[in-house]
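Structure first, then comments.
Derivation of every value follows stated rules applied to the coordinates shown; laboratory data play no part. Everything numeric here is computed off the predicted structure, so don't read it as measured data.
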Ligand SMILES: [Zn+2]
């Protein structure tokens, strides 16, 4: 099975409104067929909150399996508009996505890491690692 498909990975919110936009964006822009979805409420916030360390461990474990067993070479971390699990405005989410990019890079997985923000039109914006 795994030879047939090119996999990607997303660390995304549980929010059902974000799933399809994120899957479509990664498939269309990163030439993957299947997106392994790792979900937590307000997933981009787990990297900025020490109380959510258990979730970062689960995220790392899940991403490792996606990368090592499915040969994923892209990991997206996602924040979104109107997030119940991690409430905040767009600049707050951008900052947390950037923090998440830093933390995920410390996992040293052989995959590119990208940040995505699903905006108030449920369109996907790519979040650069640092402010220009
Ligand atoms: Zn959410």
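The C-alpha atoms of the chain define a longest principal axis, and helix 90-105 lies at about 40 degrees to it. Helix 16-30 against the longest principal axis of the chain: what's the angle in degrees, Cα atoms only, rounded to the nearest 10? Once rounded, the angle reads 50 degrees. Among 50, 103, 68, the largest mean-square fluctuation in a Gaussian network model of the chain, built with springs joining Cα atoms closer than 10 Å, belongs to 50.
Tell me whether the stretch 35-132 comes out rounded, prolate or oblate; compute the Cα gyration tensor, take square roots of the eigenvalues as a ≥ b ≥ c, and use a/c under 1.5 as the rounded threshold. Prolate, since a/c reaches 1.5 and a/b exceeds b/c. Rounded to the nearest 5, the antiparallel percentage of DSSP beta bridges internal to the stretch 7-127 is 20%.
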